[in-house]
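Report on the structure given below.
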Amino acid sequence: MTTVMVASVIATKCRNGGNACAVLNWVHGLRRLGVRTYYVEQIASEHCVDEHGLVVPFERSANVAYFEHVMRDAGLTDVSSLICDAGERTAGMTYGEVLDSAEATDLLLNISGHLTLDPVMRRLRRKAYLDLDPGYTQFWYASGNTGARLSGHDVHFTIGENIGTPDCSIPTGDIRWRHTRQPIVLTPGSREVSPWTGRFTTIASWRGSYGPVQYGSTTFGLKVHEFRKFIELPERTAAEFEVALDIHPADGRDLDALRGHGWRVVDPRSVVPDPQSFDDYISGSDAEWSAAQGVYVATNSGWFSDRTVRYLAAGRPTLVQDTGFTRTLPVGDGLIAFRTLQEAVRGVDAIQRDPHHHRRAARALAEEYFDSNLVVGRLLDDAGVAA
């Protein structure tokens, strides 16, 4: 049986259901193919905090509690490990068990290069880097920033499907980037829909995990800079708009502006703290509307959100800012792209005119382009590993 070890961060991003879902998509997709799959995460002791953000011992941290909760719900308790520092303390599998598992692993799928523990890395025969932040990763690498953690991998994948093409301004350097997509494990229950009410939602971080990225003389903006371009959207349509938004109190003027223009803003830590609540929020929505990070848009990267994939799989039409994904994905039915406020307004009107058609088309698009069997299977083939 083929064995894959997936490494990423879940515990470090407590109460972030969307992030956990993005990671688990790959784990569940591998398991669905019959691959023996482990999930490993490392955390520094100084990042172990309680519910108030105060540093506490690993065993008493909110990180461990969240990790154990998510792994238990995902059925991964016996095949997962949260490793503190150099392995002195773990939650789930012991450090020795992780080392033994690494010896028997055919492929490491290292999401954003998060796994760096040398004793583990030395035991892994083949290592694949998975880039979920196209633009950030490559610009950092081109600038000599070692934070990208690209070295030491045998093959490199990115969800920026335009990287390496003439239409995309992201540098590839000396790395051959192979394209992949965000997978989704489809279930029959994803077809269930509720009566249409015209409620568009999304889950977002106002400024994201990283600051603006600069390359040469160009500075690439954040989601906040894109979102502001469309702040008048609720006033231009007959639909309702809600965003579960991670926004800092220092951005109070933006928050007031959003509400003043008709956006309903809710706290994602309360409404989507884990994978189940994240999926419930999407299923309780009629459709998605979302802007994208400035770097994804300006570079024409082809980035496509795992969150949007989950909306599509749930039969929820999506109206999302074009990052160049229209080069590889069909748009107009179920998935509508926009670059201007006027295009966003027309997209809302189009979905509102025939929501049931767009619901069916959304689900069909997820089945054809994002089914985990297809996406994960192709990644394994490209990585030189048989499922």
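The values are calculated or read from the model by the stated rules, or taken from the named source; none is laboratory data. Computed from a prediction, not measured in an experiment: that's the story for all the values here. Please note: Cβ atoms are built from the backbone with ideal geometry, for glycine as well, and neighbour counts cover all protein chains shown. Each accessible area value is taken on the protein alone, full model and side chains, heavy atoms only, with ligands, DNA and RNA left out. Shrake-Rupley method; radii C 1.70, N 1.55, O 1.52, S 1.80 Å.
Odds and ends about this structure:
Residue-wise test of (1) more than 24 Å from Val376 (Cα to Cα); (2) open to solvent by 10 Å² or more (accessible area, probe 1.4 Å); (3) acidic (Asp, Glu).
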site: Val9; (1), (2), (3): no, yes, no
site: Trp26; (1), (2), (3): no, no, no
site: Arg36; (1), (2), (3): no, yes, no
site: Glu41; (1), (2), (3): no, no, yes
site: Glu59; (1), (2), (3): yes, yes, yes
site: Ala65; (1), (2), (3): yes, yes, no
site: Asp78; (1), (2), (3): no, yes, yes
site: Ile83; (1), (2), (3): yes, no, no
site: Arg89; (1), (2), (3): yes, yes, no
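- Only residues that are open to solvent by 10 Å² or more (accessible area, probe 1.4 Å) and more than 16 Å from Asp133 (Cβ to Cβ) were counted in the stretch 11-23, giving 2.
- Within the stretch 329-351, if we keep just the residues that are assigned to a helix (DSSP H, G or I) and open to solvent by 60 Å² or more (accessible area, probe 1.4 Å), the residue that is nearest to Gly198 (Cα to Cα) turns out to be Asp349.
- Total residues in the stretch 190-211, condition on the phi < 0 side of the Ramachandran plot, at pLDDT 85 or above and part of a loop (DSSP other than H, G, I, E, B): 5
- For the stretch 289-304, a residue qualifies if it is hydroxyl-bearing (Ser, Thr, Tyr) and crowded, with 23+ Cβ neighbours inside 10 Å, and the qualifying residues are Tyr296, Thr299, Ser301.
- The residues of the stretch 143-160 that are in contact with a Ser or Thr (Cβ under 7 Å, 6 or more places away or on another chain), among the hydrophobic types (A, V, I, L, M, F, W, C) and part of a loop (DSSP other than H, G, I, E, B) amount to a single one, Ile159.
- Of all residue pairs spaced 6 or more apart or on separate chains, those with beta-carbon atoms under 7 Å, a first member in the stretch 354-370 that is closer than 15 Å to Ser283 by Cα and a second member that is of a type in the set (Val, Ile, Thr) and surrounded by fewer than 19 Cβ atoms within 10 Å (Cβ to Cβ) are Arg359/Val193.
- Matching residues in the stretch 214-238 - criterion: being in a helix (DSSP H, G or I) and hydrophobic (A, V, I, L, M, F, W, C): Val224, Phe227, Phe230, Leu233
- Among residues that are at pLDDT 95 or above and buried (at least 23 other Cβ atoms within 10 Å of the Cβ), Leu108 is included.
- Scanning the stretch 358-387 for residues that are in contact with a strand residue (DSSP E or B) (Cβ under 8 Å, 6 or more places away or on another chain) and not in a helix (DSSP H, G or I), we see that the one that is surrounded by the most Cβ atoms within 10 Å (Cβ to Cβ) is Phe370.
- Residue list for the stretch 315-353, restricted to those being more than 26 Å from Thr218 (Cα to Cα) and either among the acidic types (Asp, Glu) or modelled with pLDDT under 95 (or both): Asp333, Glu343, Asp349
- For the stretch 239-312, the helices (runs of 4 or more DSSP H) that sit wholly inside it and include 2 or more residues that are more than 19 Å from the chain's Cα centre (by Cα) are 252-260.
- Just one of the listed residues (Phe227, Phe241, Phe278) is under 19 Å from Asp133 (Cα atoms) and either without any contact (Cβ under 8 Å) to a residue 12 or more places away in the chain or surrounded by 19 or more Cβ atoms within 10 Å (Cβ to Cβ) (or both), and it is Phe227.
- Positions within the stretch 37-56 being more than 24 Å from Asp100 (Cα to Cα) and part of a loop (DSSP other than H, G, I, E, B), in sequence order: Cys48, Asp50, Glu51, His52, Gly53, Leu54, Val56
- Every residue from the stretch 215-237 that is more than 13 Å from Gly294 (Cα to Cα) and β-branched (Val, Ile, Thr): Ile231, Thr237
- Of all the criteria given as (1) open to solvent by 10 Å² or more (accessible area, probe 1.4 Å); (2) outside any loop (DSSP other than H, G, I, E, B); (3) free of Cβ contacts under 8 Å to residues at least 40 places away in the same chain, the one not satisfied by Trp140 is (3).
- Residue ID - surrounded by the fewest Cβ atoms within 10 Å (Cβ to Cβ), chosen from residues in the stretch 143-179 that are of a type in the set (Asp, Glu) and out of contact with any helix residue (DSSP H, G or I) (no Cβ under 8 Å at 6 or more places or on another chain): Asp174
- Residue match in the stretch 131-138 (condition: within 27 Å of Ser101 (Cβ to Cβ) and more than 22 Å from the chain's Cα centre (by Cα)): no
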